[in-house]
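Heads up, the thing below is written out as structure tokens.
The values are calculated or read from the model by the stated rules, or taken from the named source; none is laboratory data. For clarity, every value in this text was computed on a predicted model and none was experimentally measured. Glycine gets a Cβ as well: all are built from the backbone with ideal geometry, and neighbour counts include every protein chain shown. SASA here: full protein model, heavy atoms, side chains in, ligands and nucleic acids out. Shrake-Rupley method; radii C 1.70, N 1.55, O 1.52, S 1.80 Å.
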Amino acid sequence: MDPLRARVFGHDVWTVPPNSQGYLLLLALGIAEGLDLPADPADPLWAHLLVEAARMAGHDRLDVLFEGSSVDAVLDSADARRALIDPSARATVRDLAADGDTTYLCAVDGDGMGVSLIQSNASGFGSLIFEPSTGINLHNRGIGFSLVPGHPAEYGPRRRPPHTLAPALVTRPDGSLRSVVGTMGGDAQPQVLLQVLTRLLVHNRTPGEAVGAPRWRLAGQGTGFDTWRAPDQVVVEVEEGGPWSEGLRERGHPVGAMPYGSSFGHAHLIDVLPSGVLAGAADPRSIIGAAAGL
């Protein structure tokens with residue numbers, strides 16, 4: 001499969017195509033690039049604009065994400081979706097159109113070759129079915145299928161379900177590697193990476209600052225895979241330490257508070273500095289995450 005690419009903030013960001021939801025990261029970044037983002041990520045307007053970028057990108061995910069889907073037209077809609085964002089108020093997106101167990105790792109070698117890798121059992125401990133000769137447990141990514149007859153993502157043989165995994169990498173205009181990045185987090189993966197990459201590429205934060213800073217996420221009814229079933233009912237959950245809650249409420253967002261921790265992803269990042277020196281960070285929310293160099 002050919003990767004998807006978007007030129008944003010002076011860099012090329014790459015991710016995997018459908019049946020992955022990775023396109024949501026590229027679309028949200030494309031929407032965000034044309035917004036007047038505050039210089040300080042602590043400004044509630046910063047969170048509001050990125051929340052709206054994520055909502056405008058993802059509100060029709062259930063309709064457009066399926067195996068074999070071409071999202072070129074969707075990615076080209078960034079300008080139109082951005083135009084619907086009001087800096088002072090939350091938009092109603094339904095009028096616009098009809099806990100996971102995931103591990104992410106990244107590596108960059110001495111020759112500048114980078115790998116952005118993610119794997120997942122999906123929900124809980126996967127399907128709880130084990131292949132008898134190896135003991136390997138099977139995932140339950142089938143939860144991404146639709147049960148609506150005739151839907152492009154309808155459950156069926158020889159079909160792959162839509163999934164949430166969205167590893168990414170960033171290259172400079174000359175094609176050289178800038179960053180490898182990814183996270184766990186179910187539906188929230190593109191939202192987490194939107195915040196991490198905006199901090200890194202726009203606000204020039206270090207990997208540790210970009211990864212460790214408080215986050216928000218859009219939350220559905222609680223499964224981590226149901227965000228877009230009712231996009232106008234999602235709650236913006238703000239992580240402990242996030243300074244945006246009151247400003248988001250003033251703009252019409254339903255806001256919830258959550259403790260700092262795994263609910264907001266485990267993002268890991270390696271940044272290749274212009275000098276060639278590598279800078280990396282493992283998410284402090286992760287119990288076993290680590291950044292290491294040889």
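Here are the numbers:
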item	result
Positive-end residue of L65, I85, W46, charge dipole of segment 17-118 with Cβ unit charges	I85
Accessible area (Å², per residue) of segment 1-123, counting only protein heavy atoms and a probe of 1.4 Å	43
Largest to smallest accessible area among W216, W14 [probe 1.4 Å]	W14, W216
Average accessible surface area per residue within segment 181-243, 1.4 Å rolling probe, Å²	30
The chain: calculated mean residue ellipticity at 222 nm from DSSP helix runs of at least 4, using -39500 (n - 2.57)	-6000 deg cm²/dmol
Largest to smallest principal axis extent of the C-alpha atoms in segment 17-105, angstrom	37, 34, 22
Net dipole in debye of the chain [+1 Lys, Arg Cβ; -1 Asp, Glu Cβ; about Cα centre; nearest 20]	280
The chain, Cα convex hull volume normalised per residue, Å³	141
Given charges at beta-carbon only (K, R positive; D, E negative), |dipole| of segment 18-85 in Debye	140
Equivalent ellipsoid, segment 151-293 (semi-axes from 5 times Cα gyration tensor eigenvalues, Å)	27, 22, 14
Debye log10 I(q)/I(0) for segment 221-294, one point scatterer per Cα, at q = 0.13, 0.16 Å⁻¹	-0.59, -0.78
Calculated P(r) tail over 19 Å for segment 140-209, as whole % of Cα pairs	51
H139 long-range amide H proximity, modeled H, under 5 Å	S127
Computed over segment 168-294: relative contact order in percent, which uses C-alpha pairs under 8 Å that are six or more apart	25
Loop-resident sites, segment 217-294, for chymotrypsin sites (Phe, Trp or Tyr not before Pro), counting at most 15 other Cβ within 10 Å (DSSP)	Y260
J(HN,Hα) series, segment 188-198, from Karplus relation 6.51 cos²θ - 1.76 cosθ + 1.60, nearest Hz, glycine and proline x	7, 3, x, 5, 4, 5, 4, 6, 5, 6, 5
Accessible surface of the chain [probe 1.4 Å, protein heavy atoms]: carbon and sulfur percent	56
Accessible area (Å², 1.4 Å probe, nearest 10) - M258	50
Accessible-area ranking of I31, I136, largest first, probe 1.4 Å	I136, I31
In segment 1-59, trypsin sites (Lys or Arg not before Pro) in a DSSP loop with at most 12 other beta-carbon atoms within 10 Å	none
Heavy atoms of H266: accessible area, 1.4 Å probe, square angstrom to 10	40
Dipole in debye (nearest 20) - segment 179-284, about Cα centre, beta carbon charges: Lys, Arg +1; Asp, Glu -1	140
Per residue Cα convex hull volume in Å³ - calculated over segment 51-194	171
Surface accessible to a 1.4 Å probe, D174 within the full protein complex, Å²	120
